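Data first, discussion second: the structure below is written as structure tokens.
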């Protein structure tokens, strides 16, 4: 009888950095200045670890009063973790912080286990979730960028053996240079492939623009329920799972709103706090759908105490993407998990919904339509019943609010975009009243 493969046993170490280490290059506090408790940070790290299928056998949060350059953590704490690794028979230690190549190498030697930092962990998750060619290429480019500075780890044992004072490098140095050259070559090839993918995606966006289909993109912190809401809206069969990063590649489906307006709905990868810069850059091709969208639906997990901190992190990623000025609908999901007191805390400018039960979804669809048609112009038009092309154009580009047949003439009340009013007039159709 075959035994099921056991999950790899792992330790998770959350890290609270000293004052000043949680600021970005501009001096701003990461996460929009909203601070999480140590318990919340550790729980997120545990959830991230669970997303790659490991068994977390021990977790601890460590607040650092100062950074120990060789190890990040203090020597005494590393000794304690070394004992835990042996006691728990763990083969992996996840450190929820950014480690330098030197720190990662030193920790692995001291702990006797593989070490993943936050960036490496997120890359592992992305690698498991990528489905399309674009997604797999983006993951590969991010991983190559991450590994570029870590190649030297593989050859330190050869460097120690090199010795001597000669000018010619030893086998470790030669192999390292070869690996670096191969890595640079592969990175260039991946970038070329990504450019081809982006050109195709650009043509698809142009086609949607010519079809006059507005784009609505769902964004939000990972595990906020975006994919479940996407399913509820379009019944698209999107992967639904209570797992972080359940969606990596953007999924697009056509959605018809209550008054007949068709839009393209886009589901995107979830955001996380302190998303490494190289990941934001590598995933620009995927996240550009956010930048190109007409409306963003910011999906919040209304049931988590981390809601405000997560919202600040999402706003920060949108700022990095250049999408901070987009029209945003605040959608507070998981209403089915809220009691009356919690429901009262949902902001008045937001919509309370449950992707699971469908509560609030009709109001959400109406809100999307109201935003997209807010500047549309009402027209009274008369079109001969035999003018099938004109009638089809009106139905495709506008919202027909009323229509009645008067002998052989359709009398219609139509809502059109301002740009489409001009097109309609250029088509030589008279008898139009606003």
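The values are calculated or read from the model by the stated rules, or taken from the named source; none is laboratory data. Since this is a predicted model, take the numbers as computed values, not measurements. When we count neighbours, we look across all protein chains shown, and the Cβ atoms used for this are built from the backbone with ideal geometry, even at glycine.
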- Does residue 294 qualify as being modelled with pLDDT of 90 or more, assigned by TED's automatic domain parsing to the domain that holds residue 365 and either surrounded by fewer than 20 Cβ atoms within 10 Å (Cβ to Cβ) or out of contact with any helix residue (DSSP H, G or I) (no Cβ under 9 Å at 6 or more places or on another chain) (or both)? yes
- Task: Tell me, yes or no, whether the range 405-420 has at least one residue that is assigned to a helix (DSSP H, G or I) and assigned by TED's automatic domain parsing to the domain that holds residue 265.
- Result: no
- Task: Scan the range 348-365 and give yes if some residue there is in a helix (DSSP H, G or I), crowded, with 18+ Cβ neighbours inside 10 Å and touching a strand residue (DSSP E or B) at 6+ places or on another chain (Cβ under 6 Å), otherwise no.
- Result: yes
- Message: Could you check the range 52-71 and list, in sequence order, the residues that are touching a helix residue (DSSP H, G or I) at 6+ places or on another chain (Cβ under 6 Å) and more than 13 Å from residue 96 (Cβ to Cβ)?
- Response: 52, 57, 58, 70, 71
- Message: Name the single residue that is farthest from residue 146 (Cα to Cα) among those in the range 58-87 being touching a residue at least 40 places away in the same chain (Cβ under 8 Å), more than 31 Å from the chain's Cα centre (by Cα) and surrounded by fewer than 16 Cβ atoms within 10 Å (Cβ to Cβ).
- Response: 65
- Item | Unmet requirement for residue 90, which otherwise passes all of (1) buried (at least 20 other Cβ atoms within 10 Å of the Cβ); (2) in contact with a helix residue (DSSP H, G or I) (Cβ under 6 Å, 6 or more places away or on another chain); (3) modelled with pLDDT of 95 or more | (2)
- Item | Options 133, 105, 143: the member that is surrounded by fewer than 16 Cβ atoms within 10 Å (Cβ to Cβ), modelled with pLDDT under 95 and in contact with a helix residue (DSSP H, G or I) (Cβ under 7 Å, 6 or more places away or on another chain) | 133
- Message: As an exercise: evaluate residue 126 against (1) in a helix (DSSP H, G or I); (2) assigned by TED's automatic domain parsing to the domain that holds residue 47; (3) in contact with a helix residue (DSSP H, G or I) (Cβ under 6 Å, 6 or more places away or on another chain) and give the number of the one condition it does not meet.
- Response: (2)
- Task: Go through the range 397-426 and give me each residue that's surrounded by fewer than 12 Cβ atoms within 10 Å (Cβ to Cβ), under 21 Å from residue 370 (Cβ atoms) and in contact (Cβ under 8 Å) with a residue 12 or more places away in the chain.
- Result: 418
- Item | Options 389, 382: the member that is surrounded by fewer than 16 Cβ atoms within 10 Å (Cβ to Cβ), without any contact (Cβ under 8 Å) to a residue 60 or more places away in the chain and assigned to a strand (DSSP E or B) | 382
